[in-house]
Amino acid sequence: MQYLFIIVVLFALELLYFKIADKFNIIDKPNHRSAHTQMTLRGGGIIFPLTFILFCILNFNETLEGYWTFGLGLLAICTVSFIDDIKTLSNRIRLSIHLIAVVLLLYFTGAFEMVPFWAWPILFVMIIGTLNAYNFMDGINGITGLYSLVTLGSLAYINKEVVQFTDYNFIYYPILACLVFLFFNFRKKAKCFAGDVGSMGIGFWVIGLITLLIMRTGEYKYILLLSIYGLEVVLTIMERLLLKENIFEAHRRHLYQLFANEKKISHLVISSVYALCQLFVNIFLIHSQLPDWAIALIIFIPIGCIYLGLKLKLKKEYNL
């Protein structure tokens, strides 16, 4: 009954935001790099920080004691991302807020106590890079919501069946938020897009949970819960560097973009395939007893080969 109540509240909040976005013209206008062709409400992913606020209200004692640093980081990164959705901010401002948010996240997970000082910069680079990867991959209907749902579902399974590393509701609430968001986004003609506030918000929450899991277990293999996104972004950046392109400019070189824009495959099909691929990886990852390096090789070598093969085939077919 509690979760049904939360879903109803989240639906109401999302619909209220649609009215506000429509009134203030917060829309995503298609351009030559877009995978969509019509104007759509932007910032529907505001439901994710709103979900955390709801989590705080309904679990006040727990959040006051253990989640305030995470919440400050989440709200900071979502606020600057929402402003950036409306009015472009300088990279300096965004990066500064991202750094502050990551500091709060690492404090929340206990990483500063468990990881040696010399490794802190590595953590900063990895987390900020992963956050931006989440943002880069948010380009077609359904992909952010479905991929996050698979990852959160896997974390919920780990928390219940393998090792409890956090409060159950801290995972269930964003799962419910993903379901509500997907109701409006997982469509041929989406009612809304996540916007930076959504991709950065849910990305921050997922990364926080994975970091918390790693700090509790000492098992770094759980980074691979985001391996599909990670592989795609790293290989695409390498490709753009080889082509001497500015990696900070928007582009259409991701494999999912090529399938959507050149092959004209349904966004919903592409998003589902990405989510299913990560689900199969997660099942293997959770139940494998192999060393971390062996797990990584078993995951990355075949997926990397398939990715490169598909990419080369599409580039040759469309002279890209």
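The values are calculated or read from the model by the stated rules, or taken from the named source; none is laboratory data. In this text the structure is predicted, and so the values were computed from the model without any measurement. Please note: Cβ atoms are built from the backbone with ideal geometry, for glycine as well, and neighbour counts cover all protein chains shown. Only protein heavy atoms, including side chains, enter the accessible area calculation; ligands, DNA and RNA are left aside. Shrake-Rupley method; radii C 1.70, N 1.55, O 1.52, S 1.80 Å.
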### Task
Tell me the helices (runs of 4 or more DSSP H) entirely within the stretch 243-319 that contain at least 1 residues that are of a type in the set (Val, Ile, Thr).
267-287, 292-317
#### Entry: Candidate set from the stretch 273-289 (those that are open to solvent by 40 Å² or more (accessible area, probe 1.4 Å) and modelled with pLDDT of 95 or more); member that is nearest to Asn141 (Cα to Cα)
Val273
### Query
Across the stretch 59-74, which residue is nearest to Ser199 (Cα to Cα) among those that are open to solvent by 60 Å² or more (accessible area, probe 1.4 Å) and modelled with pLDDT of 90 or more?
Leu72
### Message
Looking at Ile77 and the list (1) out of contact with any strand residue (DSSP E or B) (no Cβ under 9 Å at 6 or more places or on another chain); (2) modelled with pLDDT under 95, which single condition is not satisfied?
### Response
(2)
### Task
Go through (1) assigned to a helix (DSSP H, G or I); (2) closer than 20 Å to Leu212 by Cα; (3) out of contact with any Leu (no Cβ under 8 Å at 6 or more places or on another chain); (4) open to solvent by 20 Å² or more (accessible area, probe 1.4 Å) and name the single condition Asp167 misses.
(1)
### Query
Yes or no: Val180 open to solvent by 10 Å² or more (accessible area, probe 1.4 Å) and either small (Gly, Ala, Ser) or out of contact with any Lys or Arg (no Cβ under 9 Å at 6 or more places or on another chain) (or both)?
no
### Summary
Here the residues within the stretch 215-254 that are under 30 Å from Gly110 (Cβ atoms) and open to solvent by 40 Å² or more (accessible area, probe 1.4 Å) are Arg216, Thr217, Gly218, Glu219, Tyr220, Ile223, Val234
### Query
Is at least one residue of the stretch 104-122 open to solvent by less than 30 Å² (accessible area, probe 1.4 Å), within 26 Å of His254 (Cα to Cα) and either in contact with a strand residue (DSSP E or B) (Cβ under 7 Å, 6 or more places away or on another chain) or in contact (Cβ under 8 Å) with a residue 12 or more places away in the chain (or both)?
no
